[in-house]
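We did not get these values from a lab; they are worked out from the coordinates using the rules stated. Predicted, not measured: the structure shown is a model, and the values here were computed from it. Don't worry about glycine lacking a Cβ; one is built from the backbone with ideal geometry, like all the others, and counts go over all protein chains shown.
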Amino acid sequence: MNFADNIVVGAKVRMWKLGERLKDFFEEEYGVSNVVATVILVLIVVLIISVFWEQLSKWLSEMMKKIFDPNAVPKKEDL
C-alpha cells in the first residue's frame with residue numbers, strides 16, 4: 001500500500017470507531033440520562049433569564065454606565 005491508501009484506511013477505521021462509540025453512548029442508559037439532565041438544566045437557566053430579563057438588563061446598563069462613564073463620580077453610598 002502507498003501512503004495515501006494508509007491515510008484513507010486509517011480515516012475509515014477512525015470513523016467506524018467513532019460511529020461505534022456514538023452508538024454505544026446513546027444505547028447506554030447513563031449517557032442518555034446525562035444528556036437529558038444537561039438539556040433540562042439549560043432550559044431552566046434560559047427560563048430564569050427570560051423571567052428576570054428586564055431587571056438584569058437594567059442592572060447591567062447601570063453597571064456599564066458606572067464603569068465606562070468618565071464623568072461619573074462615585075457617591076458616598078456607592079463606596
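Numbers at a glance
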read-out	value
Pairwise label distance in nanometres, Glu27 with Val45, each label 7 Å out on the Cα-Cβ vector	3.2
P(r) weight above 19 Å for the range 1-72, C-alpha pairs, percent	68
